[in-house]
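Here is the structure we will look at, set down as structure tokens.
The values are calculated or read from the model by the stated rules, or taken from the named source; none is laboratory data. Since the model is a prediction, treat every value here as computed from it, not as a measurement. Cβ: placed from backbone, ideal geometry, glycine included. Neighbour counts: every protein chain shown. Just the protein is used for accessible areas: all its heavy atoms, side chains included, with ligands, DNA and RNA removed. Shrake-Rupley method; radii C 1.70, N 1.55, O 1.52, S 1.80 Å.
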Amino acid sequence: MRVLISKLSSFSAALTMFLGLLSSNLLAITTDETESLVSNLYITSIKTHAALNSFYNYTANTGDKGLLADVVESIEKTDTLSAEIQQTIPSELKADNDLVTTEYKEFKRLLTDNIEFVKENGYSDLRLVDDLSRKNGELSQKIENLKKKLSQTTGYKPNPSAQKARELAVTISKMVASYTARSTSSVVQTAQGSDTERPLDAIALSVDKTLAELIDDPANTQEIKRTLASTKTKWQFIRNSFINYNEKNVNYVVNLYSKRIIDSILDVSVLYAKK
């Protein structure tokens, strides 16, 4: 019996030490601070996709100052988010965030180069647009890597529905940029390509599934239910445009409603995160 008690005591001491070491390896950052960082990273991804999407629209409507203003708005918002992330990121993850910052600066440079080329020539340069599209994908991956590492090193456990809503907003932001690329000009269509992308109709079906899962969440408040019901109505209005993306082009309508849908889903993600 004494041997058993001694072994149990030793095991308990070892477990306590292990848990202590585990907790000491977690970053000293509050849950609210981590939540804010994660949210900002998601929105950064969405806004860079929005900037790319607005550029695609601009290539088909050169001289449209409103579309150029949309690009600027997305970049200015991303600049603000980048500064906030830089100020609040734990020092242990600064190197990872520096990788994101470097990719973002290169994305902005390529975006500026593309805009200047269109202004001077009235059309897009295939090589420059391809570089911009690829850099956007690389930036998205760096952001995703930072999000994962942030969660791993802080022990952060997001609200599952908030996480699902944010992922859905990112998916739609990518999808509308791809739709616009295919709708605006043959140059952009070629540059965007489809070899490494899921077809838009397949992505639209995944949006159906995720939106339905959010709507069916038994913990939804009345405010969340109302917002998601309105979001579903807007989505139903444009979903067939993604399903039948090779048919009639309704780029303006898709862009308008997609923006509203993304905003609504982000609003819902905030409500979920507060629960």
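Here is how the numbers come out for the structure above:
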{"quantity": "Lys/Arg +1, Asp/Glu -1 at C-beta; region 37-104 dipole; positive extreme among A95, S82, I46", "calculated": "I46"}
{"quantity": "Region 127-262: equivalent-ellipsoid semi-axes (sqrt of 5 x gyration tensor eigenvalues, Cα, Å)", "calculated": "27, 22, 10"}
{"quantity": "Portion, in percent, of the accessible area of the chain that falls on carbon or sulfur, probe 1.4 Å", "calculated": "54 percent"}
{"quantity": "For region 72-171, accessible area per residue (1.4 Å probe, heavy atoms of protein chains only), Å²", "calculated": "51 Å²"}
{"quantity": "Helical mean residue ellipticity (222 nm; -39500 (n - 2.57) per DSSP H run of 4+; nearest 500) of the chain", "calculated": "-29000 deg cm²/dmol"}
{"quantity": "Percent of C-alpha pairs per 5 Å bin, the chain, short to long", "calculated": "1, 5, 12, 14, 15, 15, 12, 9, 5, 3, 2, 2, 2, 1, 1, 0, 0, 0"}
{"quantity": "Dipole of region 57-201, positive end: most advanced residue of N136, L68, A165 [Cβ charges, Cα centre]", "calculated": "A165"}
{"quantity": "Span-like helix ranges in the chain, DSSP H, alpha carbon extent 27 angstrom or more, Kyte mean at least 0.5", "calculated": "2-25, 251-273"}
{"quantity": "Debye intensity ratio I(q)/I(0), log10, region 90-173, q values 0.11, 0.21 Å⁻¹ (C-alpha model)", "calculated": "-0.43, -1.01"}
